[in-house]
Every structure is written in C-alpha cells, then in structure tokens.
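Report on the following structure.
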Amino acid sequence: MKRISVLIVDDISDTRDSIRRLLQFEDDIEVMGEVGSGSEAILFAERNPPDIILMDVNMPEMDGIRTTELLAQRAPECSVVLMSVQGEPAYLRRAMMAGAREYIVKPFTGDELATIIAKVHEMDQRKREVVGKQINEINDPKKLDSQIISFFSTKGGVGNTTLATNLAVQLASSGKWRVLLIDLNLQFGDVAVFLNLIPKRSIADLTQNGTIKYSEIQSYFLTHSSGLQVLAAPTRPEYAELVTAEHVEQILSEVKGKFDFIICDNVSRFDDVSLVSFDASTQIWLVLAMDVPTLKNAKLSLEVIEGLHHTSKVQVVLNRSSKEMGMDPQDVEKSLNIKISHEIMSDGRALVAALNQGVPFVLSHPLSKASEGIRKMASKLISSQGVEAKNEVEEQGHTIPKPLKGLRRVFGF
Ligand SMILES: Nc1ncnc2c1ncn2[C@@H]1O[C@H](COP(=O)(O)OP(=O)(O)OP(=O)(O)O)[C@@H](O)[C@H]1O
Ligand SMILES: [Mg+2]
C-alpha cells in the first residue's frame, strides 16, 4: 500500500527533527521532506505535492495560516494540519477558514500525530476519489450532439457580444446544458470583460502549443460562476496574428461533441476566421439593429451567406428593438425578405449597469425586458434542436464545390 507522504514545515530545526523522530516508526507514513519557512513550503508543494503538510503556525515572515491560505490555491491537493501551542476556538476557526483540515496542539505524542494524519488522509482520499471521478466525466463526456452557433453582425457595436454572452450564461445557469463560449473577435474580443473573468490564458497561448487536442484545449477554459466555459480572445490586438483560421477550425472540430451548445462571438467581418466558424456552425445568428446602414449591410451579408451555401443556417436577431426607431420589425422583415427569429428590446439602463458590474444582465436584471428576450431566445433554441439538425443534413446534401479560401469561393476571383 502507498504510504502517506508528509512534509514538515517549522522554522525551528530541532522541532522538525523531533517530529520526524515521532513519525519514524509509523509504517504507513513517509516523511518526504522538511522546510523552515512558508515560502519554501509552497515551492516544495507545487513541485512535489505531499499528501499531508504538517505546518507550524508561528513562523517569521509568513505565518502558517497565511501559508495555508496560499497553499489552498497553489497546491490544493495537499491537506494541511496546523501545529501550534495555541488552542483557542477563535484561533482554530481562523485556521479552518484558511483551509487547514485539522489542528493539533503542541506538545503531542507520536500516536496522536499519526492518528490525525491517517484520519485526514482517509477523509481527503475519499473526497479526491469522488472529485476525480467527476473530473474524468468532464474530461471524457459522452459525445453530445453539439449546436454550434455563430453570432455575426454586419456592423460593429450592434450587440453581438452582449447577446452571445447573455444567451450562453442563460443556457449554462439552468444547469442542464454544457455550454462553451468562444471569443473569435481576436483583436478586440471582450467576452472576458463582459463576464468579469481574468483571461490568464487565451486562445493565442493555446495555438502556440503545438498540437491542438481537446485534452489541451480544456486547460485554457475559464469558468464563469454560471458553469459556462469560456475560451477567451487574445489579451492584446497584436497577438491575434498567432491565431489562424486553421487553428480555429481545429479547435471547433475538437470541442464539437463535448458541449450541448458552443457559441462563437465573431468579428463583424467576412474573414477567414469567421468563414471557418460558419462552416463548423449549425446556426448563424445575424444580429441587426434598426437603422438603415445596418439593414443595407445585412442585405449584402445575406447574399454572401447564400453564396457560401449557408442560408439554411441563418437566423435573424433584431437587437435594440424599440418603437421609437422610426421603423418596426415588419419593415425589417420586408426589406430583407427574411423572418426575424429573435427580438431583444432596447434596454440601456439595465445593460449599462450590468456591464459596469461585470455581471451579465440575465443574472443582474432578470426582470428586465432584455432578459425576458434572452430567455425566449434560449427556449426557442432548445426546442428547435431537432429542426436544426435536419437543416444541417440538408446542407450536407448540396454539392458544394471544393472550398476555395475566403470569399473567393463566393465570387470566384
Ligand atoms: N438590447 C440592448 N439595449 C441597450 N443597449 C444595448 C443592447 N444590446 C447591446 N447594447 C449596448 O451596445 C453596446 C455594444 O454592444 P456589444 O459590445 O455587445 O456590441 P458588439 O456587436 O459585440 O460590438 P463589437 O463590434 O465592438 O464587438 C454595449 O454598450 C451594449 O451595452
Ligand atoms: Mg463584440
């Protein structure tokens, strides 16, 4: 049987020696190291995590409680047992809040220490098994019939990111669906800002990693409190060049089947990246606002999409709808000769407040008109799943000529 590995952390070397002596005859415990400070303990545990860290509380520079707090983030797999002469309840509570699993008051006997180590290890081992099983299920989920939705707009600022993030959060927060949001606005993507997430690693870092496989991709996901997984855009515009259309194609093919819904926030431009995203998508949601220039460009976009043989994937989303715009949704439908599938009302107050809090409005302002629109959008999407799958089959039935790169395949130049 594998022995329980232990790291001793105490600034006094005599104390470390005596703890080591107390444990030397315990067959199932192995002292794998000893260090004299909190910072050394963190370095040690990050490189070679022991099962149990025996941690002195009173140490100069960084005390045992602060070290325990940091270990909870830097080496969460290790269980900390604090050792101190102080045994008051308030102190104990601080230790537990910091993430310690147990607390032993000095002086203690070898038996007392060994019993605590064995008990903590057994409890945490059981927890690790359950969490490990859950992680395996996440890493290797059954193949899902993914809906891949590309949000696209004909003009910047019409609300692509606002709608993509809120729809994704709405779906994820139900707890029923596995949802991934990919920010494909590679130069100025702001999905992470909308969700108040810090993009430590982005899609650009991922592409620098050699082969792009799902096992690798998932370590680049950020997790939102709703359960939504996010693949963030590069943190600086110049890093966008590190991500090619081929990378995006590969990422989409790897994540397909791992989520119920994969939502892509595209840049408002027909470029190689948005085209591969359209190819991979089961649906293209064209976001419009009620103004003449947007409608003119929408008409042109629909023509291009037709040339790409993707018309059956298109759904029109009318955003910032309002009676005060001098036109109504019927005018939009007539001028584009296409039905509006989703309509979101203009709701500046709720949206600006939500954006400034970094909370999607469906969570911060669930009663707003815009949230009501997103909920309708989500339920329509869920109930239409079967229909969309059929469209995809029909699309595949087309004899599409061998794809030329970019828009050349529409215009043949
Ligand atoms: N329904 C709405 N009501 C009121 N304001 C809205 C609505 N939808 C979006 N907005 C506001 O419009 C602005 C632009 O939205 P957003 O950033 O989502 O657009 P975008 O199409 O993603 O822009 P970009 O082209 O820069 O990526 C934001 O300030 C947002 O709050
Ligand atoms: Mg945007």
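Less than 14 Å Cβ to Cβ from Arg47, Lys/Arg counted +1 and Asp/Glu -1: what total charge do the surrounding residues give?
Details: positive: Arg74; negative: Glu40, Glu46, Glu77.
Net local charge, Arg47 excluded: -2.
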request  = Compute the long axis of helix 13-23 from its Cα atoms, compare it with the longest principal axis of the Cα atoms of the chain, and write down the angle in degrees, 0 to 90, nearest 10.
outcome  = 90 degrees
remark   = Under 5 Å from the placed amide H of Leu82, counting only residues 5+ away or on other chains, we find Met55, Arg101, Glu102, Tyr103, Ile104
remark   = Taking Cα atoms, the helix 110-139 axis meets the longest principal axis of the chain at an angle in degrees (rounded to 10) of 10 degrees
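Divide by every residue of the chain the summed helix terms, -39500 (n - 2.57) for each DSSP H run of at least 4, and state the resulting mean residue ellipticity at 222 nm, rounded to the nearest 500 deg cm²/dmol.
Values: 18 runs with 188 residues, N = 413.
It lands at -13500 deg cm²/dmol.
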ask   = What residues qualify as long-range amide H neighbours of Ser321, i.e. H under 5 Å apart, gap of 5 or more or another chain, H built at 1.01 Å from N?
value = Ile344, Met345, Ser346
request  = Provide the per-residue ³J(HN,Hα) series for region 29-43, in order, calculated from phi with Karplus coefficients 6.51, -1.76, 1.60 and θ = phi - 60°, each as a whole number of Hz, with x at glycine and proline positions.
outcome  = 10, 10, 7, 8, x, 9, 9, x, 8, x, 5, 5, 4, 5, 4
Cα-based shape type of the chain, given that a ≥ b ≥ c are square roots of the gyration tensor eigenvalues and the cut on a/c is 1.5 = prolate
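Take Met96, Met83 and order them by how many other Cβ atoms sit within 10 Å, fewest up front.
Values: Met96 14, Met83 24.
Ranking Met96, Met83 by Cβ neighbours within 10 Å, fewest first, gives Met96, Met83.
Taking the Cβ of each residue in Met97, Met32, Met290 as the centre, tally the other Cβ atoms inside 10 Å and list the residues starting with the fewest. Let's see the in-between values first.
Values: Met97 11, Met32 17, Met290 21.
Going from sparsest to densest Cβ surroundings: Met97, Met32, Met290.
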note = Residues whose modelled amide H sits under 5 Å from the amide H of Phe188, counting only those 5 or more places away in sequence or on another chain, are none
remark   = Rounded to one decimal in nm, the spacing of the 7 Å Cα→Cβ label points at Val304 and Arg21 is 7.9 nm
Local electrostatic count, Arg20, Cβ distance below 13 Å [Lys/Arg +1, Asp/Glu -1] = -4
inquiry  = For region 179-215 and region 35-58, what is the centre-to-centre distance using only Cα atoms, to the nearest Å?
reply    = 33 Å
request  = List, in order, the whole-Hz ³J(HN,Hα) value for each residue of region 241-255 obtained from phi through the Karplus relation with A = 6.51, B = -1.76, C = 1.60 and θ = phi - 60°; use x for Gly and Pro.
outcome  = 5, 6, 10, 9, 4, 5, 4, 5, 4, 5, 4, 5, 6, 6, 7
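Compute the relative contact order of the chain as a whole-number percentage, counting only Cα pairs closer than 8 Å that sit 6 or more residues apart in sequence. It would help to have the intermediate numbers written out before the result.
Details: 681 pairs, mean separation 56.0, N = 413.
In percent, rounded to a whole number, it is 14.
Taking the mean number of other Cβ atoms within 10 Å as a proxy for protection, how do you rank 61-67, 230-236, 116-122 from highest to lowest?
Values: 61-67: 19.0, 230-236: 22.1, 116-122: 17.1.
Highest mean packing first, the order is 230-236, 61-67, 116-122.
The numbers here are math on the coordinates, done by the rules we state, and not lab data. Here the structure is a predicted model, which means the values were calculated and not measured. Here Cβ is always computed from backbone atoms with ideal geometry, including for glycine, and neighbour counts include all displayed protein chains.
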